[in-house]
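Asks: I'd like to ask some things about the structure below.
What follows draws every value from the coordinates through simple rules; no lab data is involved. All values derive from a computational prediction rather than experimental measurement. Neighbour counts are summed over all protein chains in view; Cβ atoms, including those assigned to glycine, are modelled from backbone coordinates with ideal geometry.
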Ligand SMILES: Nc1ncnc2c1ncn2[C@@H]1O[C@H](COP(=O)(O)OP(=O)(O)OP(=O)(O)O)[C@@H](O)[C@H]1O
């Protein structure tokens with residue numbers, strides 16, 4: 001009962017969505033469905049009459065001659081023509097509705113995904129769910145409406161047939177009803193089992209499509225060739241794909257027996273009903289026209305009942321998908337936070353981090369463990385530490401992308417939680433290790449940093465001078481209008497370092513109060529790196545900046561250095577203070593410095 005209620009609720013929640021997609025199309029579809037349902041019933045009545053008239057005509061007993069027959073044939077023709085017309089309009093409206101729905105759901109999915117907290121992407125279960133949801137939205141979500149419409153149509157026709165049959169003998173209507181029940185059961189079983197399988201197969205499906213895409217991708221092409229991994233990866237993909245196929249076929253074997261067994265029963269029941277009708281006819285209970293109409297009703301009702309049962313199971317499956325989709329839509333959004341205070345702009349005191357702890361879902365240890373420090377307004381801070389020390393996680397917390405599990409991050413004393421989310425976003429800028437390479441023109445690649453000034457060529461030019469990208473942009477084949485990357489026709493590929501400079505320019509194109517640069521110069525040549533860091537001071541003057549780096553030489557540009565170790569703040573101070581302290585930082589710095597100076601010479605000499 002509870003389950004049925006929740007299905008009804010799901011269906012109820014779908015209706016406003018379908019209405020939003022296109023109310024007019026929905027109304028037209030419903031009207032046409034109802035009209036279509038009555039066509040076969042009318043056909044049946046005409047057939048019965050026509051056969052009677054024809055029988056009399058053939059026996060030479062028809063007083064009216066051909067007049068009555070012409071009328072009936074004319075009516076039949078009119079019905080057939082209207083059936084065809086209704087079908088054509090229905091098909092077009094359905095296509096229109098489908099296209100609009102695809103657009104609607106694609107937009108809904110992209111919008112929703114981008115409103116979810118970043119931490120949503122840290123859990124593999126969410127990737128599975130996302131994959132299923134996009135499948136649900138594309139394939140099944142709106143399918144329900146057409147299934148329901150077809151079912152209503154079939155139901156009206158079947159009931160109409162039953163009324164016609166009941167006029168001949170009530171047992172015939174009962175027999176027809178008996179056809180429905182077992183069929184419904186078998187289709188229902190099949191659809192439930194299929195949905196369970198879809199849930200179970202999602203991780204495998206994702207893995208197999210990941211490998212299959214990798215095998216065809218530009219990113220994978222180099223390593224796959226160098227390491228000769230192609231056959232290994234194909235075999236790995238095939239193993240998973242075969243496993244999926246086996247599961248599907250095993251389900252098919254299971255359900256096929258049940259479904260087709262039920263169909264055999266139905267066919268037998270149909271034959272019994274026909275025999276019964278013949279018997280009744282032989283005893284004078286049925287005229288020839290009635291018998292023909294009855295046979296027609298029985299045969300076409302078999303496919304109608306089948307459609308009804310299939311529709312029922314499709315609805316069941318569609319509702320499960322719709323439920324998945326609705327629960328995704330209802331996921332709490334990032335902007336659902338309670339913050340309503342404006343971002344303190346310009347920052348006067350600075351940013352304070354108190355007892356910040358952050359734990360990734362399912363990770364054994366916290367990535368950040370009770371970190372506290374303060375950044376003064378306008379200060380440039382370097383964060384250093386080993387791989388996995390927690391630097392990028394801290395950067396994301398400073399950007400407000402992750403909410404702390406414990407502790408707080410505040411700007412000028414206002415906790416991030418209490419700041420209006422849009423205000424927080426608008427006042428921050430960043431560049432990440434895995435920045436996006438947009439296959440768009442240069443101006444758009446940079447302009448996206450400040451959407452409001454996206455096409456402001458003067459500002460773009462000024463910003464590229466400041467960010468030191470102007471010199472190489474001018475050398476591109478179409479200058480600012482050069483499309484970057486070779487994914488699309490006419491694109492021009494950049495080196496990774498050049499891409500990074502474009503991404504840096506994008507970060508500085510924004511009007512920001514705080515900028516976080518996660519390894520901003522990792523792929524840059526030493527000259528460019530030095531130029532960027534010297535420039536960084538100018539670009540960030542009066543602004544608060546945090547950069548993560550593994551090249552400790554660049555820390556000399558920072559006012560202060562934070563050293564992270566295993567998610568904790570191990571040391572804090574400027575370069576000289578930390579060298580004097582002779583701790584983690586000093587050890588790391590000496591190691592790196594050694595690469596270039598004494599150790600290098602010693603190693604070269606074999607000392
Ligand atoms: N999405 C995630 N889910 C679970 N654990 C994660 C996730 N991302 C990072 N971690 C873990 O959190 C810890 C800190 O990772 P983080 O990326 O912050 O380190 P990092 O100091 O930036 O490293 P690197 O110098 O290699 O970039 C690591 O132990 C890492 O394994």
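Asks: Determine the shape class of the range 86-217: with a ≥ b ≥ c the square roots of the Cα gyration tensor eigenvalues, call it rounded for a/c under 1.5, and otherwise prolate if a/b is greater than b/c, oblate otherwise.
Replies: The shape class here is prolate.
Asks: Please give the contour-minus-distance gain from residue 265 to residue 556: 0.36 nm per residue of separation, less the Cα-Cα distance, rounded to one decimal in nm. Provide the component values of the computation, followed by the final result.
Replies: Working: separation 291, 0.36 × 291 = 104.76 nm, distance 8.48 nm.
My answer for the length gained is 96.3 nm.
Asks: Hey, another quick one. Sort 560-566, 354-360, 122-128 for me by packing, meaning the mean count of neighbouring Cβ atoms within 10 Å per residue, highest on top.
Replies: 560-566, 354-360, 122-128
Asks: Return 511, 330 ranked ascending by Cβ neighbour count within 10 Å, so the fewest neighbours appear first.
Replies: Least to most surrounded, the residues fall as 330, 511.
Asks: Between residue 171 and residue 235, what is the label-point separation in nm under the 7 Å Cα-to-beta-carbon projection?
Replies: Here the modelled spin labels are 6.8 nm apart.
Asks: Moving on to the next point. Ranked from highest to lowest mean number of other Cβ atoms within 10 Å per residue, what is the order of the peptides 380-393, 22-35, 450-463?
Replies: 380-393, 22-35, 450-463
Asks: I'd like the distance separating the alpha-carbon centroids of the range 115-131 and the range 313-375, in whole Å.
Replies: Here the two parts' Cα centres lie 11 Å apart.
Asks: Sticking with this one: Note the angle between two axes, namely the Cα long axis of helix 526-539 and the longest principal axis of the Cα atoms of the chain, as a number of degrees from 0 to 90, rounded to the nearest 10.
Replies: That helix lies at roughly 90 degrees to the long axis.
Asks: May I ask you to derive the FRET efficiency for residue 283 and residue 197 from their Cβ-Cβ distance with R0 = 45 Å, giving the value to the nearest 0.05?
Replies: Plugging the Cβ-Cβ distance into 1/(1 + (r/R0)^6) gives 0.30.
Asks: A follow-up question, please. Okay, which of the range 210-250 sit inside 19 Å, backbone N to the point 7 Å along the Cα-Cβ direction of residue 488?
Replies: 218-219
Asks: If you split all Cα-Cα distances of the chain into 20 Å bins from zero, what percentages do you get per bin, shortest first?
Replies: Values per bin, smallest distances first: 14, 35, 26, 16, 8, 2, 0.
Asks: Of 243, 510, 408, how do they rank once you tally other Cβ atoms within 10 Å and put the fewest first?
Replies: Neighbour counts put them in this order, fewest first: 243, 408, 510.
Asks: Then there is this: Using only the alpha-carbon atoms, how far is helix 170-215 inclined from the longest principal axis of the chain? Give it as 0 to 90 degrees, nearest 10.
Replies: 20
Asks: Moving on. Per Stokes-Einstein, at 37 °C and 0.692 mPa s, what whole-number D in µm² s⁻¹ belongs to the range 432-511, with the Kirkwood radius over Cα pairs as the hydrodynamic radius?
Replies: 268
Asks: Right, something else. Return one number: the angle in degrees, 0 to 90 and rounded to the nearest 10, between the long axis of the Cα atoms of helix 230-282 and the longest principal axis of the Cα atoms of the chain.
Replies: Rounded to the nearest ten degrees, it is 20.
Asks: Share of antiparallel DSSP beta bridges in the chain, in percent to the nearest 5?
Replies: Beta bridges within the chain, antiparallel portion: roughly 50 percent.
Asks: Once label points are set 7 Å from the Cα along Cα→Cβ at both residue 98 and residue 436, what is their separation, rounded to one decimal in nm?
Replies: Once both label points are built, they end up 3.0 nm from each other.
Asks: With a point put 7 Å past each Cα toward its Cβ, work out how far residue 242 is from residue 374 in nm, to one decimal.
Replies: The two pseudo-label positions are separated by 6.5 nm.
Asks: Something else now. To the nearest 0.05, how large is the calculated FRET efficiency for residue 580 and residue 226 if R₀ is 60 Å and r is the Cβ-Cβ distance?
Replies: 0.85
Asks: Which order do the peptides 247-254, 8-15 come out in when sorted by mean C-beta neighbours inside 10 angstrom, highest first? Before the final figure, lay out the partial values.
Replies: Values: 247-254: 12.5, 8-15: 14.8.
Result, highest mean Cβ count within 10 Å first: 8-15, 247-254.
Asks: At R0 = 60 Å, how high is the FRET efficiency between residue 213 and residue 163 if r is their beta carbon distance? Nearest 0.05 is fine.
Replies: Working: r = 56 Å, r/R0 = 0.93.
E between residue 213 and residue 163, to the nearest 0.05, is 0.60.
Asks: How long are the semi-axes of the ellipsoid equivalent to the range 241-344, from square roots of 5 times the Cα gyration tensor eigenvalues, in whole Å, largest first?
Replies: Gyration-tensor ellipsoid for the range 241-344: 54, 22, 8 Å.
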